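Worksheet for the structure shown next.
The values are calculated or read from the model by the stated rules, or taken from the named source; none is laboratory data. For clarity, every value in this text was computed on a predicted model and none was experimentally measured. Cβ placement follows ideal geometry from the backbone for every residue including glycine, while neighbour counts extend to all protein chains displayed.
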Amino acid sequence: MSERTIMDTKAIGGCAPEAAICARGIARDFEAGQSTIRVLHGIDTDIRSGEMTYVVGESGSGKTTLISIMCGILWPTEGEVKVFGTDIYKLSDTDLVNFRLNNIGFIFQQYNLIPSIDVASNAAVPLIAQGVPREEARERAKVLLDKLNIGNQADKLPRQLSGGQQQRVAIARALVHEPRLVVCDEPTAALDASSGRRVMDLLREVAVAPDRACIIVTHDNRIFDLADRIIVLEDGRVTHDGKEMPDDH
Amino acid sequence: MIWIAIRMLTGDAQKFYGLLFGIGFSTLLITQQMTIFVNLVERGASGVYNAPEAEVWVMDPVSRTTDVSYAMPGTALDKVRAVEGVEWAVPHLRAQATVRTKEGDLEGVGVIGVDDATLIGLPARMAQGDKAVLFAPDAVVVDDTGALRFFPPEVNPIGERLELNDQRAVVRGIADAIPSFTSTVVLYTRYSNALNFVPGTRNRLSFVLVGVADGQTPEDVADRIEAETGLKAETREQFARAGVDFIIENTGIPTNFGITVLLGFVVGIAIVGLTFSLFLRDNIKQFGALKAIGVTNAKIVQMVGAQAGMVGLIGYALGVIGTVAFIKGFGANPFFKGFYIPWQIPLISFAAVVIILSITGLIAIRSVLKTEPASVFR
């Protein structure tokens, strides 16, 4: 049986009805040559809608592994994850992929925009994947790009944009299909301080909603003040869960 | 998503053109070499095709093709004429001779003696002059290959004299003939003239050309001739096939062309495989992001399939167009005269392209399918 985390946010077993994500007993092992390394040690936590939740920690603390498991792209070795009440790892592979497509938006550290299609089409990718006709998808994406103040860049290729603008396109792509969960991996890591701050302000403005949860993995202390909640991971265990960073960090 | 896949492909111009080059080059090599091979071996039957009236060819039992024949005694002609179902039978002589050209060069030529009365044995069409010119003394008709080879462009071959086996021959016409396998110049003359031009042994009759009577089939008449005369008789199609088979069995051409076609296939796999793998590897992050967002592996396969399909279709079209341009471009060259692309060859090269793309696509896509969506967070 895995170790319990030092600081659990909810009692084991029960999921709060308002929880967007309910993770229980999450453990994850990785093979490293002949040995097995456990990077997450039975984490129990809930993520609530209407909040911007940060998962922070040093490199190797397991924060990326944790959000990968929470959003259904990495199978846990132990434990279960319910996202909006759906036990996602009990879904078939295809159903899980469709669940992600319809419920989760992703923002990656390196944006991962498709270089050969224009900004509007990049932002429209989730809609196109859902089967929305391309032109309609682009129009809906343009509305969001306008909201993100890059509507005038809609016909440009990603390489013609600055890093901050590209991240805004990534935000538009994450939100265009109106997901209930937005997952961001180091969204400001590739940006300078002011661009990072602007992107996070914008993200807070457009991504945080009463019916939407937003998890951000980061170790960028310049943006910690924008969090509604901060979960600190150390060596695969939750060591802090609160509104602000603990004093010793 | 297919549109996105196509844009991903065309957006990387270097690799896109590299893939087109790989497929186009393979298609060109396979299609062009197979076309040349087929047309070349078909020339083993050119002697048969150049005598279109003959429905049955009668020969000594050891004769194999129009160019590999053993002469028969002149009485064979009468024997054949006596067989039921034979509408007409005419003598046909094929021999080798040497010609001294006006420039003093010595050239080997084929001499074909056609029936004195009917001129059966001449090609169907004349490029210049009329078939009747052969009735003139010492008259020969040269095939168009010979007209180009023996005479400079500014000289009209008609009326020109040749020294044929130390005898005088006068060119009176040019035949529109299918060149022989070796592209040897052919001189047509009347049978009686040919006997004079070409010294030979006691027996001189190479073939008896036969037309069948109404209500008879060439196969039946050929069987009857064989049964009643002891000679070998083949229908036009059988004898044409024998000429083709002879070349396939007795030359290294199938092996050589086969190796080239195989090389085209291997080069296609190498270029396309490498480029396609690099292309997918370069886009692995994008594919990983798409998988994380919620694009299924089945859709990813469709996307890669669309990319391969587009490259395949355009590359294949370029290769076939290249082959057509090659055949058209060299159409004036006597070596390529009458060359055509049999419909089966583009189908075969299309199948080769499908195989190349299937093999390379399957190898390349494995890395994409094995990519975990979570890798985009690393």
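Residues that are in a helix (DSSP H, G or I) and under 18 Å from B:VAL62 (Cα atoms) within the stretch B:207-223 comprise B:ALA222, B:ASP223, listed in sequence order. Tell me, yes or no, whether the stretch A:133-149 has at least one residue that is in contact with a His (Cβ under 8 Å, 6 or more places away or on another chain) and buried (at least 23 other Cβ atoms within 10 Å of the Cβ). No, that holds for no residue. Here the condition is being touching a Pro at 6+ places or on another chain (Cβ under 6 Å) and at negative phi; of A:LEU113, A:LEU148, it holds for A:LEU113 alone.
Look at (1) of a type in the set (D, E, K, R); (2) outside any helix (DSSP H, G or I); (3) away from chain B (no Cβ under 14 Å) and you find that A:GLU178 fails only one, number (3).
Looking across the stretch A:136-154, the residues that are away from chain B (no Cβ under 14 Å) and hydrophobic (A, V, I, L, M, F, W, C) come down to A:VAL143, A:LEU144, A:LEU145, A:LEU148, A:ILE150, A:ALA154. Residues that are part of a loop (DSSP other than H, G, I, E, B), under 30 Å from A:GLY42 (Cβ atoms), over 14 Å from the mean Cα position of the chain (by Cα) and within 11 Å of another protein chain (Cβ to nearest Cβ) are absent from the stretch A:126-135 altogether. Please state which of the following conditions A:ASN102 fails to meet, knowing it meets all the rest: (1) more than 30 Å from A:SER195 (Cα to Cα); (2) facing chain B (nearest Cβ under 9 Å); (3) surrounded by fewer than 17 Cβ atoms within 10 Å (Cβ to Cβ). The number of the failed condition is (1).
Quick grid of which residues meet (1) more than 30 Å from B:PHE181 (Cβ to Cβ); (2) touching a His at 6+ places or on another chain (Cβ under 9 Å); (3) in contact (Cβ under 8 Å) with a residue 12 or more places away in the chain; (4) not in a helix (DSSP H, G or I):
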position: B:ILE247; (1), (2), (3), (4): no, no, yes, no
position: B:ASN256; (1), (2), (3), (4): no, no, no, no
position: B:LEU274; (1), (2), (3), (4): yes, no, no, no
position: B:LYS299; (1), (2), (3), (4): yes, no, yes, no
position: B:VAL304; (1), (2), (3), (4): yes, no, yes, no
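Restricting attention to the stretch B:318-333, the residues that are part of a helix (DSSP H, G or I), of a type outside the set (Val, Ile, Thr) and in contact with a helix residue (DSSP H, G or I) (Cβ under 8 Å, 6 or more places away or on another chain) add up to 4. Considering only residues in the stretch B:312-348 that are more than 11 Å from B:PHE25 (Cα to Cα) and of a type in the set (S, T, N, Q), the one that is modelled with the lowest pLDDT turns out to be B:ASN333.
Within the option set B:ALA82, B:ALA127, B:ALA132, B:ALA97, being surrounded by fewer than 18 Cβ atoms within 10 Å (Cβ to Cβ), within 28 Å of the chain's Cα centre (by Cα) and in the same structural domain as B:VAL185 (by TED's automatic domain parsing) holds for one residue only, B:ALA127.
Conditions (1) among the hydroxyl-bearing types (Ser, Thr, Tyr); (2) surrounded by fewer than 24 Cβ atoms within 10 Å (Cβ to Cβ), marked per residue:
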site: A:ALA27; (1), (2): no, yes
site: A:ARG48; (1), (2): no, yes
site: A:GLY57; (1), (2): no, no
site: A:LYS63; (1), (2): no, no
site: A:SER68; (1), (2): yes, no
site: A:GLY79; (1), (2): no, yes
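Considering each residue of the stretch A:110-117 in turn, none proves to be away from every other protein chain (no Cβ under 13 Å) and at pLDDT below 85.
For the condition within 14 Å of chain A (Cβ to nearest Cβ) and more than 19 Å from B:LEU313 (Cβ to Cβ), what is the one hit in B:GLN14, B:GLN33?
B:GLN14
Residue-level check: of (1) buried (at least 21 other Cβ atoms within 10 Å of the Cβ); (2) farther than 21 Å from B:ILE174 by Cα, B:GLY113 misses just (2).
Can you name the residue in the stretch B:254-303 that is small (Gly, Ala, Ser) and either within 14 Å of chain A (Cβ to nearest Cβ) or over 27 Å from the mean Cα position of the chain (by Cα) (or both) and is also surrounded by the fewest Cβ atoms within 10 Å (Cβ to Cβ) among such residues?
Selected residue: B:ALA298.
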